[in-house]
Amino acid sequence: MDATVGKFEETGDILIIPVFKGVEKAPNNTTTGLSRGASIAVKAAAASEALTGKRGELLHVWTKGCMVVFYGVGKSSTQTHKAARDAGAKCLTKLSKNHGTDVVVRFTSGWKLEAMAAFAEGMILRDYAFDKYQNQSSSTKKNKAEKGPWKLTCQASSRHLEKLSDAIERRAAIATGVHLARDLGNEPANKLYPEEYGIRALAWAKGKDNVEVDVWDYERLHSEKMEGVIAVGKGSIHKPCMVFFRLNPRAQSDEKVPCIVGKGITFDTGGISLKAGAKMDEMKFDMHGSATVFGLFQGLHATGYEGRVNGITCMAENMPSAEAYRPGDVIDTYSGKTIEVLNTDAEGRNVLADGLWKAGELNPSYIIDLATLTGACVVALGHEASGLWSNDDGLRERIQQAGESEDEIAWPMPLMPAFEKEMTGSKIADVRNLGTARWGGANTAAAFLKQFVQECEGEDGEMSQIPWAHLDIAGTAWGAKTNATVAHGATGVHVRTLHRLITSN
């Protein structure tokens, strides 16, 4: 979607007038650019009982040259950024390219800058489809291709134009990262496997002067003793790898900077501890943590962020075979700690053990990992929020605030000593990869990850863990039916959250 900002002039093919509840007449500038006859019809419609401004209400007025759509957005007093974003997303779903692709949204009386930008962002985020594998002769797809992409023009009063233009340009740039993350998440596992992810990352970095991508292949993982990643991925013909992203690698050379780590299981059968067949196809989404990391770097690059940021994705495919790791195995990890494997379907934490420890070697200001880690988190929070665990109160609060600002809720969860004790209670290894009971599974998983966060020396000379947070996105990476900005499939969750967190520092 090409999104721009302009004055109250052109009407486009489709003219959208978002109106608040209680409208009694056409707001100022509603009819600018329309013919006299069309203006009379539009004003009559606005004054009729058919238009109330109730949220989601539509009233069409057909005029020569364009279709005018009054779109209800509810009470102005309750117009939050979430309500405006959702309204924009839902509005786009009501439009048909049969009426043209040149869309004008005319923000009239009562609209504030942030709400206008959020409405446009909702439309931009919703303008996404993953249809690359549909039959090229499909009449529906051919029809869409012939009509071309949407063109969006947001019109507002002159005093808002400059700031609104900047806001929409920035949000559109971030959305490219969200859409990239969705693309990666939606890819089937036979098309996107660990090595292919690395190939795409290298291709993305090519030609970008302030970006570096490095891929550690299977041989390099062996030489680095990344046995957590190796163990999970060795049962597949598609061998594991680790991908490193570096944005502005020569900036802030003497400063600590963020490091974002993503779980990248491109398909998860459960391994020897095989999953049930129902909905196993959805396990292509098990790499969404790595998809978010990739999308985040795209968003940061697209918005011209000048700070240094590191990213690590731990890529593997968890398959059962004669080469696969087994329950009862003991894994050596990059940290030197050993893991007792009690269930091969608790694989994400094994690959993150290596990624988190490596992140600690990059002198991070903080580490955040994202993982579709546990079904227990979905049981606790449904598809409405990601679970958030942290060893640092300040970092946890900042992530939570960033998530609320972007309507990507990260809900604080407990990181209790009892959970850590449970996960370090193995009789034959340093850590066990499964709790002793079914209860609190998302919490014990977070407690496992905490064992692989390194310590560093503080300003007071004391040693303490690097600030770290874990986001369990098992419920928000896909299947989030209440997310108005997503039609289906992968959501690209927390690209916007982390972009806000990093760039607002």
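From its DSSP helices (H runs of at least four residues, each -39,500 (n - 2.57)), the chain gives a residue-normalised ellipticity at 222 nm of -11000 deg cm²/dmol.
Does segment 47-103 come out rounded, prolate or oblate by the C-alpha gyration tensor, with a ≥ b ≥ c the root eigenvalues, rounded set by a/c under 1.5 and, if not, prolate when a/b is larger than b/c and oblate if not? Judged from the Cα gyration tensor, segment 47-103 comes out oblate (a/c at least 1.5, b/c at or above a/b).
Extension gain, Lys7 to Lys54, is 14.3 nm, computed as 0.36 nm per intervening residue step minus the present C-alpha separation.
Using only Cα atoms and rounding to the nearest 10 degrees, what angle (0 to 90) does helix 36-47 make with the longest principal axis of the chain? The angle comes out near 60 degrees.
In this Cβ point-charge picture (+1 for Lys and Arg, -1 for Asp and Glu), the chain has a dipole of about 2420 debye about its Cα centre.
Counting residues in segment 87-196 as N, plug N into 2.2 N^0.38 Å and put the Cα Rg over that result. Intermediate results must be reported in sequence, preceding the final value.
Working: Rg = 16.7 Å, N = 110, 2.2 N^0.38 = 13.1 Å.
Taking N as the residue count of segment 87-196, the ratio is 1.27.
Rounded to the nearest 10 degrees, the inclination of helix 348-360 to the longest alpha-carbon principal axis of the chain is 90 degrees. Taking a cut-off of 18 Å between Cα atoms, list the aspartates and glutamates near Lys21, but don't count ones fewer than 8 places away on the same chain. Counting by Cα, and skipping residues close in sequence, Lys21 has these aspartates and glutamates nearby: Glu49, Glu57, Asp86. Counted over segment 179-503, the DSSP beta bridges are approximately 50% antiparallel.
When the pairs Lys234/Lys427; Lys151/Lys284; Lys337/Lys358; Lys234/Lys275; Lys54/Lys90; Lys337/Lys421 are compared against a 24 Å limit on Cα-Cα distance, Lys234/Lys427; Lys151/Lys284 fall above it.
Simple spin-label estimate for Ser96 and Lys208 gives 4.0 nm between the two label positions (7 Å along the Cα-to-Cβ direction from each Cα). Taking +1 at the Cβ of each Lys and Arg and -1 at the Cβ of each Asp and Glu, which of Ala429, Tyr325, His488 sits farthest along the dipole of the chain towards its positive end, judged by Cα position relative to the Cα centre? With unit charges placed on the Cβ atoms, the residue in question is His488.
Taking 0.36 nm per residue of separation and subtracting the current Cα-Cα distance, fully stretching the chain between Ile40 and Ser223 would add 58.3 nm.
Every read-out reported here was derived from the displayed coordinates using simple, explicitly stated rules and does not represent laboratory data. Here the structure is a predicted model, which means the values were calculated and not measured. Counting neighbours? That spans all protein chains shown, and the Cβs are built from the backbone with ideal geometry, glycine included.
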